[in-house]
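Visitor: Mind having a look at this structure? Questions to follow.
The values are calculated or read from the model by the stated rules, or taken from the named source; none is laboratory data. Given the structure is predicted, the values throughout are model-derived calculations rather than measurements. When we count neighbours, we look across all protein chains shown, and the Cβ atoms used for this are built from the backbone with ideal geometry, even at glycine.
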Amino acid sequence: MAKKKLFVLEFDKGVDEDFKNWTKEAVQEFIDLFPEYKDNFQINEGKSYYTKAEVEKIIARSSGVPSDSVWAMFEQQSDGSYLRKESLDWSIRQALENGRVNTSTLLDVRHKENSFPPDEPVLVSIISKPAHLGYGISNQRDMCVSAAACGKNKEYFKDIVMHELGHVFRATHKNRRNVVENLGEHCTDADCLMYEYAYTGEAFNRRHHKKKPIFCNDCMDSMRDYMENTLHLVRQGQKNLSVTNDNSENLPQPTSNIDRTFKADIRAVFKTSAEKEGSVYKENIQSPIYSATITHKDGLVDHINAANEQEINLSAKTKDGKPTTPSTKRFADIAAYAHSKDMAVNFGDIKTSDFKAKLMLACLTHEPPVKMTNAPKVTEEFLNSIKDEKLRQTLKDKTPKLQTQNSDSPQKQAPENQPQPQPQIQGRNNGR
Ligand SMILES: [Zn+2]
Ligand SMILES: [Zn+2]
């Protein structure tokens with residue numbers, strides 16, 4: 001179930017094997033800093049030039065994508081090879097100014113999306129030509145380093161790659177302490193790789209001499225926060241709380257004599273919540289599962305059933321016994337319970353959009369936000385499937401922009417190491 005955060009490494013024609021190996025080492029060392037998320041990360045290598053047979057293979061593998069649109073992603077070269085558009089070598093041509101690469105332009109032409117969906121790959125571009133400005137650059141999701149600018153010094157080069165990855169993963173941002181703004185946000189800890197003068201010889205020597213962690217605690221915390229709450233990476237050993245909304249009469253009863261101690265924590269949440277809102281809490285103590293109802297003053301009854309500590313079923317009926325969406329407070333209760341157990345809320349088995357939307361809002365507005373797995377992407381399509389108009393608008397307002405991207409990549413089954421054809425019409429990258 002783990003979502004992969006992909007690093008796509010690309011090297012232009014002139015980059016030698018040493019720099020390629022050092023790049024791989026640097027990216028791997030960066031990943032190793034986050035062992036709790038290691039299952040989410042994957043490193044692939046991309047390339048720029050393809051043979052005719054390779055393009056044909058891609059076409060054969062992308063069922064449903066017209067072959068014309070695949071050919072259109074390549075530019076035939078005079079030597080008969082095919083240069084993939086938006087590949088590194090192709091992008092360098094667009095960004096070349098007087099023999100130097102304008103790396104800012106390069107990042108723009110490489111990845112033309114106008115927002116940063118969390119499941120987009122990180123493009124790691126290593127160029128052999130000198131850059132217009134400095135050694136490395138990153139925008140909010142990709143990075144580029146000029147090998148020509150850093151000499152053949154392995155540790156120095158790797159530091160630059162990791163510094164840029166630090167930017168990509170939001171190690172420094174203006175809403176945290178100990179940062180200064182100087183060509184982007186940088187860390188004020190002189191021993192941290194995100195320090196603004198980290199590239200000076202003095203800082204380099206001091207850092208390597210001290211053998212301190214590469215990134216300071218503030219930068220590490222910031223990156224973990226980004227991985228957890230924006231990228232929604234799945235932590236190793238992450239426990240899930242499966243939420244369902246089946247009609248309570250249809251629930252299967254457990255056959256074995258299960259341990260009932262799990263009930264206490266669930267009871268604590270729902271009973272307290274019911275008492276606070278002045279509703280009537282009733283629980284079937286005899287049942288092997290946790291089974292309770294909360295009756296509101298207006299007659300609405302929430303039904304809560306839990307077969308164990310990781311499965312909760314929530315449903316509701318009106319005064320007249322008609323099924324309806326449970327009260328908003330019950331969703332908040334579920335979010336609070338999941339948070340107290342350090343669980344992610346799993347949306348996989350929920351049947352209706354309104355239910356999903358309410359639960360999503362509860363998770364997003366809980367302080368701190370509660371992790372979600374298999375939650376729907378907030379697309380226009382999903383929003384339109386929500387029946388409650390007010391709920392639809394609230395969710396739309398609450399959802400960060402990066403979740404409202406469409407992800408209709410035409411070639412979902414693209415084999416690894418092959419280019420993922422991008423949709424042809426895309427907005428310009430206006431973030432930096
Ligand atoms: Zn920087
Ligand atoms: Zn730092």
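Visitor: If a residue has to be assigned to a loop (DSSP other than H, G, I, E, B) and modelled with pLDDT of 80 or more to count, how many in the stretch 184-211 make the cut?
Guide: The total comes to 9.
Visitor: Just a yes or no: is a residue in the stretch 232-245 modelled with pLDDT under 90 and either closer than 30 Å to Cys150 by Cα or of a type in the set (A, V, I, L, M, F, W, C) (or both)?
Guide: yes
Visitor: Tell me, please, whether a residue that is surrounded by 14 or more Cβ atoms within 10 Å (Cβ to Cβ), within 14 Å of ligand 1 (Cβ to nearest atom) and assigned to a strand (DSSP E or B) can be found in the stretch 147-167.
Guide: Within the stretch 147-167 (the criterion being surrounded by 14 or more Cβ atoms within 10 Å (Cβ to Cβ), within 14 Å of ligand 1 (Cβ to nearest atom) and assigned to a strand (DSSP E or B)), the answer is no, since none of the residues qualifies.
Visitor: Just checking, how many residues over the stretch 73-102 are closer than 17 Å to Ala148 by Cα, assigned to a helix (DSSP H, G or I), of a type in the set (A, V, I, L, M, F, W, C) and in contact (Cβ under 8 Å) with a residue 40 or more places away in the chain?
Guide: Adding up the residues that qualify gives 2.
Visitor: Going through the stretch 160-181 one residue at a time, which ones are out of contact with any helix residue (DSSP H, G or I) (no Cβ under 7 Å at 6 or more places or on another chain), closer than 23 Å to Lys210 by Cβ and either away from ligand 2 (no atom under 12 Å from the Cβ) or aromatic (Phe, Trp, Tyr) (or both)?
Guide: Across the stretch 160-181, the qualifying residue is only Glu164.
Visitor: Report, ordered by the first and then the second residue, all pairs with beta carbons closer than 8 Å, sequence separation of six or more or different chains, a first member in the stretch 267-280 that is touching a residue at least 12 places away in the same chain (Cβ under 8 Å) and in a loop (DSSP other than H, G, I, E, B), and a second member that is among the basic types (Lys, Arg) and surrounded by fewer than 12 Cβ atoms within 10 Å (Cβ to Cβ).
Guide: Cβ pairs passing all conditions: Gly278/Lys297; Ser279/Lys297.
Visitor: Limited to the stretch 130-154, what total is found for residues that are charged (D, E, K, R) and within 29 Å of the chain's Cα centre (by Cα)?
Guide: The total comes to 2.
Visitor: Separate question: State whether the residues of the stretch 138-145 include one that is more than 14 Å from ligand 1 (Cβ to nearest atom) and farther than 30 Å from Tyr37 by Cβ.
Guide: For the stretch 138-145, residues more than 14 Å from ligand 1 (Cβ to nearest atom) and farther than 30 Å from Tyr37 by Cβ: absent.
Visitor: Among (1) more than 13 Å from ligand 1 (Cβ to nearest atom); (2) assigned to a helix (DSSP H, G or I); (3) farther than 17 Å from Val27 by Cβ, where does Met223 come up short?
Guide: So the condition that Met223 fails would be (3).
Visitor: What pairs can you find where one residue is in the stretch 103-122 and modelled with pLDDT of 75 or more, the other is of a type in the set (Phe, Trp, Tyr), and their Cβ atoms are less than 6 Å apart, with a gap of 6+ or different chains?
Guide: What qualifies is Val122/Phe7.
Visitor: Pick from the stretch 183-202 the residues that are under 13 Å from Glu155 (Cα atoms) and small (Gly, Ala, Ser): which of them is nearest to ligand 2 (Cβ to nearest atom)?
Guide: Per the criteria, the residue is Ala198.
Visitor: If we keep just the residues of the stretch 17-62 that are among the hydroxyl-bearing types (Ser, Thr, Tyr) and farther than 21 Å from Asp119 by Cβ, which is surrounded by the most Cβ atoms within 10 Å (Cβ to Cβ)?
Guide: Thr23
Visitor: For the stretch 344-388: of the residues being basic (Lys, Arg) and outside any loop (DSSP other than H, G, I, E, B), which is surrounded by the most Cβ atoms within 10 Å (Cβ to Cβ)?
Guide: This residue is Lys358.
Visitor: Assess whether Ile137 counts as being in a strand (DSSP E or B), more than 17 Å from Lys47 (Cα to Cα), in contact (Cβ under 8 Å) with a residue 24 or more places away in the chain and out of contact with any Lys or Arg (no Cβ under 6 Å at 6 or more places or on another chain).
Guide: When the stated conditions are applied, Ile137 passes them.
Visitor: In the stretch 58-72, what residues are touching a residue at least 40 places away in the same chain (Cβ under 8 Å) and within 14 Å of Arg84 (Cα to Cα)?
Guide: Ile58, Ser69, Val70, Ala72 - these are the residues of the stretch 58-72 that are touching a residue at least 40 places away in the same chain (Cβ under 8 Å) and within 14 Å of Arg84 (Cα to Cα).
Visitor: Does the stretch 278-291 include one or more residues that are closer than 15 Å to Asn247 by Cα and either within 38 Å of the chain's Cα centre (by Cα) or of a type outside the set (Phe, Trp, Tyr) (or both)?
Guide: Yes: one or more hits.
Visitor: Also: Just give me the residues in the stretch 170-198 being buried (at least 22 other Cβ atoms within 10 Å of the Cβ) and in contact (Cβ under 8 Å) with a residue 60 or more places away in the chain, in sequence order.
Guide: Within the stretch 170-198, none qualify.
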